[in-house]
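What follows draws every value from the coordinates through simple rules; no lab data is involved. Worth saying up front: this structure is predicted, and the values here are computed from it rather than measured. Note that each Cβ is placed from the backbone with ideal geometry, even for glycine, and that neighbours are counted across all protein chains shown.
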Amino acid sequence: MTPTLNGMILAAGAGFTFALLNLNLRVLASELPPFQVQFLRYGAGLVVMIPWIIQAGLAAYVPRAMAGQLWRGVAHTAALFFWFSALPHIPFATLTAIGFTGPIFIMLGAVLFLKERMFWQRWAAALLGFLGVLVVVAPSFTGTGGHHALLMLASAPLFAASFLIAKALTRHDTPQVIVAWQSLTVAVFTLPVALWLWEWPSLAQWGIVLLCGALGSLGHWMLTMAYRIADISAAQPVKFLDLIWAACLGYLAFSEIPTTTTLAGAAVIFLSTSWIARVEARRGRSTPA
């Protein structure tokens, strides 16, 4: 198989892995306080990394950009609070569709904070993406759960901020250090509130926590490998499978059937992000090194 095909398969596998992760997190978030679930999820992720930390030595995981690691932890913790608060109340497919807005917020953040140029295609993609968000979110306001959709949407720009800080940190620290400190900072920042609201997990819930730690590490590894061996523009269309995974798992686990507006809005968001990814890839190839 070609590297591009391998990358697309890995990206699809990562999407399915993250869908399984979100499924298990939704179960936990419906039974335990959101801050506690945040702490357990990222604490478990840190535990999974301990063998690699021991092998490399603690000195290898001392960051060169400590302030950046801490600010990223703040942004990611805030994003996760909104995300986990809405998670038990949002249909699984809708959750995934709103998540497709991530690249749009990342693009806007890169323009505002990293001073990247804003071409007309980027503005068009952002506008198209937000129209898709309106299609997905608007029906939620006909019932009583509209604020949960807003909470989920509020997490997207904060996740984008976390991503942009991580991108800047790669100039100073390795990906392994960045991932480890993400888990550490989120766990530390959420620990006080988690202890205040603590409810002892059952044996089955502890098993789900450990499973979430393993799924999170596996998903991030697969996605990193996918973008290492294949162009992002080639792997991006595979992300639409995320909605298929979410729809199937949502139906099997929660008997949820995606609405027509969710599917239509997700398609609009996906088309906008895929289009701008291909435009940026062509621009990158045409720019002299």
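Before anything else, pin down the relative contact order of the range 3-286: Cα pairs under 8 Å, at least 6 apart, normalised by residue count, whole percent. Can you show the working numbers first?
Numbers: 382 pairs, mean separation 123.9, N = 284.
Result for the range 3-286 is 44 percent.
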Which order, highest average first, do 12-20, 197-205, 65-73 follow once you tally other Cβ atoms within 10 Å for each residue and take the mean per peptide?
-> 12-20, 65-73, 197-205
A correct Kirkwood calculation over the Cα atoms of the range 3-286 returns a hydrodynamic radius in Å of 19.5
What residues from the range 18-34 fall in the zone where the backbone N is under 12 Å from a label point 7 Å along the Cα-to-C-beta line of residue 254?
-> 22-31
Determine ³J(HN,Hα), in whole Hz, for all residues of the range 202-215 in sequence, where each value follows from phi through the Karplus function 6.51 cos²θ - 1.76 cosθ + 1.60 and θ = phi - 60°; x replaces Gly and Pro.
-> 6, 4, 5, 5, 4, x, 5, 4, 5, 4, 5, x, 5, 5
Which ³J(HN,Hα) values in Hz, rounded to whole numbers, follow from the phi angles of the range 248-259 under the Karplus curve 6.51 cos²θ - 1.76 cosθ + 1.60, where θ = phi - 60° and Gly and Pro get x?
-> 5, 5, x, 5, 5, 8, 10, 6, 8, 10, x, 7
Using a Gaussian network model of the chain with C-alpha springs under 10 Å, which one of 58, 184, 21 is most mobile by mean-square fluctuation?
-> 58
Using θ = phi - 60° and the Karplus curve 6.51 cos²θ - 1.76 cosθ + 1.60, what whole-Hz ³J(HN,Hα) does each residue of the range 99-107 get, with Gly and Pro shown as x?
-> x, 5, 6, x, x, 5, 5, 4, 4
Packing-based order for 128-137, 257-266, using average beta carbon neighbours within 10 Å, highest first = 128-137, 257-266
Among 62, 73, 49, which residue has its Cα positioned farthest towards the positive end of the charge dipole of the chain, with +1 placed on the Cβ of Lys and Arg, -1 on the Cβ of Asp and Glu, and the dipole taken about the Cα centre?
-> 62
